[in-house]
Amino acid sequence: MSKFKVLSTKLKVQSSKTKTKVPRPTTNSGELMDTLLKDIRYGLRNLLKHPTFAATALITLAIGIGANATIFSFVNGVLLRPLPYPESERLVVINETAVKQGIDSMSTSFPNFLDWRAQNRVFEDVGSYSDGLNFSLTGVGEPERLPGADVSQGTFELLRVAPVLGRTFTAEEDKPKQDAVVILGNGLWQRRFGSDPQIIGKAITLNSRQRTVVGVMPPGFEFPENAELWVPLGLDTTMFTRTDHGLETMARLKGGVTLGQAQAEMGVIARRIEQQNPVTNEGLGVRLSGLHSQLTGDYRQALLILLGVVGFVLLVACANVANLMLARTTARQKEFAVRAALGASRYRIVRQTLTESLLLSLLGAGFGLLLAMWGVKLIMAVIPVKLPFWMKFDLDLRVLAFTSVVSLLTAVIFGTMPAVLGTRIDLNTTLKEGGRNAVAVARHRTRGLLVVSEVALALMVLVGAGLMIKSFMNLRHVGAGFNEKNLLTFSVSLPRAKYKEERQRGEFFRHLIERVRALPGVDSAAATATLPLIGDNWGRSLTVEGFPVLSVGQAPMIQHTVVTPGYFHTMGIPVRAGRDFTELDSTDAQKVTIVDERLAHEYWPNESPIGKRIRFGPPEDNEPWHTVIGVVGAVRHARLDAETRKSVYLPHLQIPVGGLAVVVQAKNPLSLVGALRDQIREMDPDIPVVDLMMMEEVVSQSVWQNRLYAILFAVFGGVAMLLADVGIYGVMSYSVTQRTQEIGIRMALGAQVKDVLRLVFRDGLALSALGVAIGLAGAFALTRLLRSLLFSVTPTDAGTFILVSLVLLLVALLACYIPARRATKVDPLVALRYE
């Protein structure tokens, strides 16, 4: 008997002895810590000895954990962080509803707000405000247009935010003609007034009106949204009637009062107001929602879906690293066998392996956090709009805790299976050179199953990405109803204190449009009160002559837009019938209107609408009738992915509002920016030109969320596909190495290159096809969650499913190619001596 056989026999005896169950020795905490430190040091040495394995695993984990930390930063900043107000969970938003008109949420009328505040017993206070206002600051350097809001007295107290200088508004100041005061935002105070500590009591000029500064708010406070200054609401019921719904309302719940209790009481109050005011409040209800849920509603579902997507990417990464660990533990079989022969228990070897997995995971988490910091900055850089001030996406303790938990779970997910399978040791077989056993076969099958899971998960992510990309492409190609090419727009707002009369406002814009049209290179120019896709929608109830007169609660709501002559030509909106407005459509002329083709088809489907009459507002207001003089194409005023309410257009000279968006059609619009500013400055040096951008940019900004979601899905889908590709390559490469002798024998017996290629490709494609089949089933079940994010594409779009499957199978073929080519280079003589 040779020396090797004697040694093998002795070790076999030793192996049989170690199978006896021996009670695990008890250790104190000091010994346990010492052992753990030894495991960590040994694990680090092992990783440093195998830099290729360590680098591959670390990069894979860093990508998976980094993607999760990035998206969780946004989930945390939007959904989890409380709003920056004391006890913000008690703040609620109050909206009115008009169920018969299909409106589940609309702004509040001032008289209703007063009734709510006086009659409720569930709120500490109720406040109201108008957002989206702009103020022209003059007299301190260059004129500047500033976002602001007018708020009712007590709104800041309701939010529990006090000024850092001065005070808030008094009840006396919150009255008509008594509202000559202003509170400044901290950033505005620093930027335009040099942080002047003596600013309180000084007068500044806003919209050509003197206002006294009474307070300065703390840093970061920009309620609502991005307002930089605040003035008193200053309304009364004669200025703002029950039919004028234009105020935003919120309240603070009393301690111990639930949202449901408040909703019930406000419903009773709404019915009482309806009984007292049947004409104006018929069918109007009240809807309460938490301020936080109201602000985050547009983002919640998309962020949670993205978090699920990066969770899938992490699972793909874990499967990939588990495959690497299986290969690594297979290569370390003799090491484990020697340690077992020297008395190490299986528990001890498994613990060492899991310690190495935890080290990899923690290091991957560290690099992942660095990637997350970069990823958050990158995503913020591609968002084209200013996000609300309360959204903060820094990596705080909540993000760090999430990343730590993810890294621990990751270590368990990818470390347990390799540790268990890799430590199932048969000493007699393992210590034989090239020994094989059933455990090796189990490991190979496990690696195959991991690849199948990678492909399945990657396909589900890729299908989601394909649907989102197709949805975005559909959205960008949808007809908005106007021509956005070579169209420049900017906004001009006239201060009412300076332009008090309607005639002044009408003449200003008439002269401005004439000046702009006269500039060299300008093809046409006009203006509108509501530029499409900006979000400003002016809705009014409609009465059509010859049709039943309906109450406010039942009358249809229409989009109400004021434009100057030439607007339809400049915007490329087709005139289907009749004529455009002219300079003759002035305040002294017959009241006229132009309707869109949808409204014309609804009321006059088989006849010409020209000459028909309509009017706006409640019937009891007895507003004048407007004669229809034209029909134009439908325009999507609010969003590209939703039809706007049917629209009517009115001539600016008959309703001379003080703020318009000017649109300029030219071959090279951007070259006119300087000349346009000069024209405004010559007409009135105190009027700033703002929101200057190309109409293509306006359209692009209107779909920024859809574009961002499509990009993120595409990136994560690409990462998942790349990781799955690496996994397939690794398994096939390992398989070829393990089957070198078999391939050599086949080639020695006459197998051709194509036969060897077919052998390798068959195994690789079998795993990939199984993964694709499972992934298709999973995608079919999960993509329904994307329904609300998709436009003009179904969650089970067959074309997307087929295309993604073919792409993934093609990538799998490419991953099999290199191992297959290597297999054809096997020398049969060398292979036959492989063992």
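Tell me which helices (runs of 4 or more DSSP H) are completely within segment 733-835 and hold 1 or more residues being at pLDDT 90 or above and not small (Gly, Ala, Ser), or say none if there are none. Show your work before the answer.
On the way: elements: 740-748, 753-782, 798-824, 828-832.
Hits in segment 733-835: 753-782, 798-824.
Examine segment 436-452 for a residue that is surrounded by 15 or more Cβ atoms within 10 Å (Cβ to Cβ), hydrophobic (A, V, I, L, M, F, W, C), more than 43 Å from the chain's Cα centre (by Cα) and at pLDDT below 80, and state whether such a residue exists.
Checking segment 436-452: at least one residue is surrounded by 15 or more Cβ atoms within 10 Å (Cβ to Cβ), hydrophobic (A, V, I, L, M, F, W, C), more than 43 Å from the chain's Cα centre (by Cα) and at pLDDT below 80.
Of Leu314, Leu326, which residue is in a helix (DSSP H, G or I), under 25 Å from Val726 (Cα atoms) and modelled with pLDDT of 80 or more? Working first, answer last.
Numbers: Leu326 fails: modelled with pLDDT of 80 or more.
Just a single option satisfies the conditions, and that option is Leu314.
Given (1) open to solvent by less than 20 Å² (accessible area, probe 1.4 Å); (2) over 30 Å from Gly102 (Cα atoms), identify the lone condition not met by Ile558.
Condition not satisfied by Ile558: (2).
Here's the yes/no breakdown for (1) part of a helix (DSSP H, G or I); (2) modelled with pLDDT under 90:
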| site | (1), (2) |
| --- | --- |
| Thr9 | yes, yes |
| Ser15 | yes, yes |
| Pro23 | no, yes |
| Leu32 | yes, yes |
| Asn46 | yes, yes |
| Ser73 | yes, no |
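Return the residue satisfying two criteria in turn: it lies in segment 342-388 and is among the charged types (D, E, K, R) and either open to solvent by less than 50 Å² (accessible area, probe 1.4 Å) or not in a loop (DSSP other than H, G, I, E, B) (or both), and of such residues it is modelled with the highest pLDDT.
If we take residues in segment 342-388 being among the charged types (D, E, K, R) and either open to solvent by less than 50 Å² (accessible area, probe 1.4 Å) or not in a loop (DSSP other than H, G, I, E, B) (or both), then Lys377 is modelled with the highest pLDDT.
Could you check segment 674-709 and list, in sequence order, the residues that are hydrophobic (A, V, I, L, M, F, W, C), open to solvent by 10 Å² or more (accessible area, probe 1.4 Å) and modelled with pLDDT of 90 or more?
Passing the criteria: Ala675, Met683, Leu692, Met693, Met694, Leu708.
Sort out which residues of segment 98-115 are of a type outside the set (A, V, I, L, M, F, W, C), open to solvent by 20 Å² or more (accessible area, probe 1.4 Å) and on the phi < 0 side of the Ramachandran plot, and write them in order of number. Explain how you work it out, then say what you get.
From segment 98-115, those of a type outside the set (A, V, I, L, M, F, W, C) are 100-102, 104-105, 107-109, 111-112, 115; that's our starting set.
Filter once more, keeping what is open to solvent by 20 Å² or more (accessible area, probe 1.4 Å): 100-102, 104-105, 107, 115.
Of everything in segment 98-115, those that are of a type outside the set (A, V, I, L, M, F, W, C), open to solvent by 20 Å² or more (accessible area, probe 1.4 Å) and on the phi < 0 side of the Ramachandran plot turn out to be Lys100, Gln101, Asp104, Ser105, Ser107, Asp115.
Give the residues of segment 229-253 that are crowded, with 19+ Cβ neighbours inside 10 Å and among the β-branched types (Val, Ile, Thr), sorted by residue number.
Across segment 229-253, the qualifying residues are Val231, Thr249.
Residue under question is Leu146, and the condition is that it be closer than 18 Å to Lys498 by Cα, buried (at least 19 other Cβ atoms within 10 Å of the Cβ) and either β-branched (Val, Ile, Thr) or touching an Asp or Glu at 6+ places or on another chain (Cβ under 8 Å) (or both); does it hold? Spell out how you get there, then give the answer.
On the way: closer than 18 Å to Lys498 by Cα: yes; buried (at least 19 other Cβ atoms within 10 Å of the Cβ): yes; either β-branched (Val, Ile, Thr) or touching an Asp or Glu at 6+ places or on another chain (Cβ under 8 Å) (or both): yes.
So Leu146 fits the description; yes.
Please find, within segment 251-267, the residue that is nearest to the chain's Cα centre (by Cα) out of those that are more than 13 Å from Asn112 (Cα to Cα) and part of a helix (DSSP H, G or I).
Here is the first cut: in segment 251-267, the residues more than 13 Å from Asn112 (Cα to Cα) are 251-265.
Retained after the next criterion (residues that are part of a helix (DSSP H, G or I)): 259-265.
Values: Leu259: 27, Gly260: 29, Gln261: 32, Ala262: 31, Gln263: 30, Ala264: 33, Glu265: 35 Å.
The selected residue is Leu259.
Looking only at residues in segment 329-341 that are touching a helix residue (DSSP H, G or I) at 6+ places or on another chain (Cβ under 8 Å) and within 22 Å of Leu723 (Cβ to Cβ), which one is modelled with the lowest pLDDT?
Here is the first cut: in segment 329-341, the residues touching a helix residue (DSSP H, G or I) at 6+ places or on another chain (Cβ under 8 Å) are 329-330, 332-334, 336-337, 339-341.
Filter once more, so that each one left must be within 22 Å of Leu723 (Cβ to Cβ): 329-330.
Numbers: Thr329: 71, Thr330: 64.
This residue is Thr330.
Those residues that are in a loop (DSSP other than H, G, I, E, B), polar (S, T, N, Q) and more than 30 Å from Ser700 (Cβ to Cβ), I need them from segment 615-645; list them, please.
Of the residues in segment 615-645, the ones in a loop (DSSP other than H, G, I, E, B) are 617-618, 622-625, 633-638, 640-641, 643-645.
Subsequent filtering for residues that are polar (S, T, N, Q) retains 622, 644.
Hit for segment 615-645 is Asn622, nothing else.
Would you call Gln665 buried (at least 21 other Cβ atoms within 10 Å of the Cβ) and either part of a loop (DSSP other than H, G, I, E, B) or modelled with pLDDT of 90 or more (or both)?
On the way: buried (at least 21 other Cβ atoms within 10 Å of the Cβ): yes; either part of a loop (DSSP other than H, G, I, E, B) or modelled with pLDDT of 90 or more (or both): yes.
For Gln665, the condition - buried (at least 21 other Cβ atoms within 10 Å of the Cβ) and either part of a loop (DSSP other than H, G, I, E, B) or modelled with pLDDT of 90 or more (or both) - is met.
Go through Thr170, Thr108, Thr138, Thr155 for me and flag whichever is touching a Gly at 6+ places or on another chain (Cβ under 6 Å) and polar (S, T, N, Q). Explain how you work it out, then say what you get.
Values: Thr170 fails: touching a Gly at 6+ places or on another chain (Cβ under 6 Å); Thr108 fails: touching a Gly at 6+ places or on another chain (Cβ under 6 Å); Thr138 fails: touching a Gly at 6+ places or on another chain (Cβ under 6 Å).
Within the list Thr170, Thr108, Thr138, Thr155, the selection yields Thr155.
Can you spot a residue in segment 606-626 that is surrounded by fewer than 19 Cβ atoms within 10 Å (Cβ to Cβ), at pLDDT 90 or above and among the hydrophobic types (A, V, I, L, M, F, W, C)?
Yes: segment 606-626 contains one or more residues that are surrounded by fewer than 19 Cβ atoms within 10 Å (Cβ to Cβ), at pLDDT 90 or above and among the hydrophobic types (A, V, I, L, M, F, W, C).
Residue pairs, Cβ under 6 Å, 6 or more apart or interchain, first in segment 114-130 and touching a residue at least 12 places away in the same chain (Cβ under 8 Å), second open to solvent by 10 Å² or more (accessible area, probe 1.4 Å) and among the aliphatic types (A, V, I, L, M). List them.
Hits for this filter: Val122/Val257.
What residue, among those in segment 195-222 that are more than 20 Å from Ala180 (Cα to Cα) and surrounded by 14 or more Cβ atoms within 10 Å (Cβ to Cβ), is modelled with the lowest pLDDT?
Ranking the candidates gives Glu222 first.
The values are calculated or read from the model by the stated rules, or taken from the named source; none is laboratory data. A quick note: this is a predicted structure, and the numbers were derived from the prediction, not measured. Cβ sites come from the backbone with ideal geometry, for glycine too, and all protein chains shown count toward neighbours. In case anyone asks, the SASA skips ligands and DNA or RNA and just uses the protein heavy atoms, side chains included. Shrake-Rupley method; radii C 1.70, N 1.55, O 1.52, S 1.80 Å.
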